[in-house]
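Remarks on the structure that follows.
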Amino acid sequence: MRRMAESDFRSTNEHGTVVVEWPRGYAQHRSLAPGACFLRIGGHALEGLLPFHWKFLEPHVGARSGLTVIIDLTDLQTYDSGYRAGWTQWLREHPAQIHLYSPSRMVRMGAAVVHLATDKITAYDSLGALYAFASKSVPGFAASSIPAPRAARAFG
């Protein structure tokens, strides 16, 4: 199977949200406040998506306080093993904390593996619990401040 190149991804800026799309999925990236970002990933998360995440997140990592990343994986169906490994490596090298929700038990188990390696991921059992944490703890977070999910479609 051919590995996707950067040219296989389409990146646009829609009203302050950086959107990356590829044939089997999408990612939305939004700054919430200094040191806080929101990501939503849908479809199949490819290892080749990681450079887009890093390009977006790196400028937000503060030397002292680090970065809080809120990730909504409601629409995520699957991910490459290299995608999870890439997050593990990035978290080892950066002062960041990830808070995420996925309805998939398998995805939450993958997050638990990264947590064991980095102690930097908290997975929530419901989207409401993730948003409640973010509303209380992340400056600039409000459900109205995040982008709407992409139109539902089958990724195949």
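The values are calculated or read from the model by the stated rules, or taken from the named source; none is laboratory data. If you're wondering where the values come from, they're calculated on a predicted model, not measured in any experiment. So basically every Cβ, Gly included, is an ideal-geometry build from the backbone, and we count neighbours across all protein chains shown.
For region 47-71, a residue qualifies if it is over 21 Å from PHE141 (Cα atoms) and touching a strand residue (DSSP E or B) at 6+ places or on another chain (Cβ under 9 Å), and the qualifying residues are GLU47, GLY48, LEU49, PHE52, LYS55.
Residues that are of a type in the set (A, V, I, L, M) and out of contact with any strand residue (DSSP E or B) (no Cβ under 6 Å at 6 or more places or on another chain) were ranked within region 22-46; the one that is farthest from ALA129 (Cα to Cα) is LEU46. Only one entry in ALA143, ALA123, ALA129, ALA96 is farther than 16 Å from GLY35 by Cα, in contact with a strand residue (DSSP E or B) (Cβ under 6 Å, 6 or more places away or on another chain) and of a type in the set (A, V, I, L, M, F, W, C), namely ALA123.
Among the residues of region 47-56, not a single one is under 22 Å from GLY128 (Cβ atoms) and either within 12 Å of the chain's Cα centre (by Cα) or at pLDDT 90 or above (or both). Taken over region 1-46, the criterion of being in a loop (DSSP other than H, G, I, E, B), at pLDDT 85 or above and crowded, with 19+ Cβ neighbours inside 10 Å is satisfied by GLY35, LEU46.
I'd like to know if region 104-114 contains one or more residues that are closer than 21 Å to SER137 by Cα and without any contact (Cβ under 8 Å) to a residue 12 or more places away in the chain.
First, the residues of region 104-114 that are closer than 21 Å to SER137 by Cα: 111.
Remaining after also requiring without any contact (Cβ under 8 Å) to a residue 12 or more places away in the chain: none.
Within region 104-114, not a single residue is closer than 21 Å to SER137 by Cα and without any contact (Cβ under 8 Å) to a residue 12 or more places away in the chain.
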